[in-house]
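Only one structure is covered here, and it is reproduced in the block below.
The values are calculated or read from the model by the stated rules, or taken from the named source; none is laboratory data. Here the structure is a predicted model, which means the values were calculated and not measured. Don't worry about glycine lacking a Cβ; one is built from the backbone with ideal geometry, like all the others, and counts go over all protein chains shown.
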């Protein structure tokens, strides 16, 4: 079944120059295995295709049940250079949580 990523993980995001940093942390080890499989660099790049014009790089932190993504060229120049509403990338964490992912039918999700 398809569910919103927010049902099995939370996210934090911020900025570094013209790129944003998006961390996704699973609530459970089982959830981590699902996000590790489904949140690929290509899938995240596609999800943010309207704002991310550079490379997406993924880093794994299994001890934290987390994935960290760097979205290069996603802030329109960053900070004071950009005309974007969110030139600091603070809402990119919320944006990734709207992504739909596949989970087994018997997978327990948070409400």
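Annotations for the structure displayed:
- Among residues of segment 85-97 that are assigned to a helix (DSSP H, G or I), those with a Cβ under 9 angstrom from a residue that is modelled with pLDDT under 70 and surrounded by 14 or more Cβ atoms within 10 Å (Cβ to Cβ), sequence gap 6+ or separate chain, pair up as 92/86.
- In segment 1-16, the residues that are crowded, with 20+ Cβ neighbours inside 10 Å and in a helix (DSSP H, G or I): 5
- Checklist (1) at pLDDT 90 or above; (2) surrounded by fewer than 19 Cβ atoms within 10 Å (Cβ to Cβ); (3) in a loop (DSSP other than H, G, I, E, B); (4) under 15 Å from the mean Cα position of the chain (by Cα) applied to residue 58, failing item: (3)
- Filter pass, residue 80 being exposed (fewer than 14 other Cβ atoms within 10 Å of the Cβ) and modelled with pLDDT under 95: yes
- Subset of segment 40-55 (residues that are assigned to a loop (DSSP other than H, G, I, E, B) and closer than 14 Å to residue 13 by Cβ): 48, 51, 52
- Scanning segment 17-36 for residues that are more than 21 Å from residue 109 (Cβ to Cβ) and exposed (fewer than 13 other Cβ atoms within 10 Å of the Cβ) returns a single hit, 17.
- Flag for residue 39 being within 19 Å of residue 107 (Cα to Cα), in contact with a strand residue (DSSP E or B) (Cβ under 6 Å, 6 or more places away or on another chain) and buried (at least 19 other Cβ atoms within 10 Å of the Cβ): yes
- Listed by first and then second residue, the pairs linking a residue in segment 98-111 that is within 17 Å of residue 37 (Cα to Cα) to a residue that is modelled with pLDDT under 90, with Cβ atoms under 6 Å apart and 6 or more places separating them unless they lie on different chains, form an empty list.
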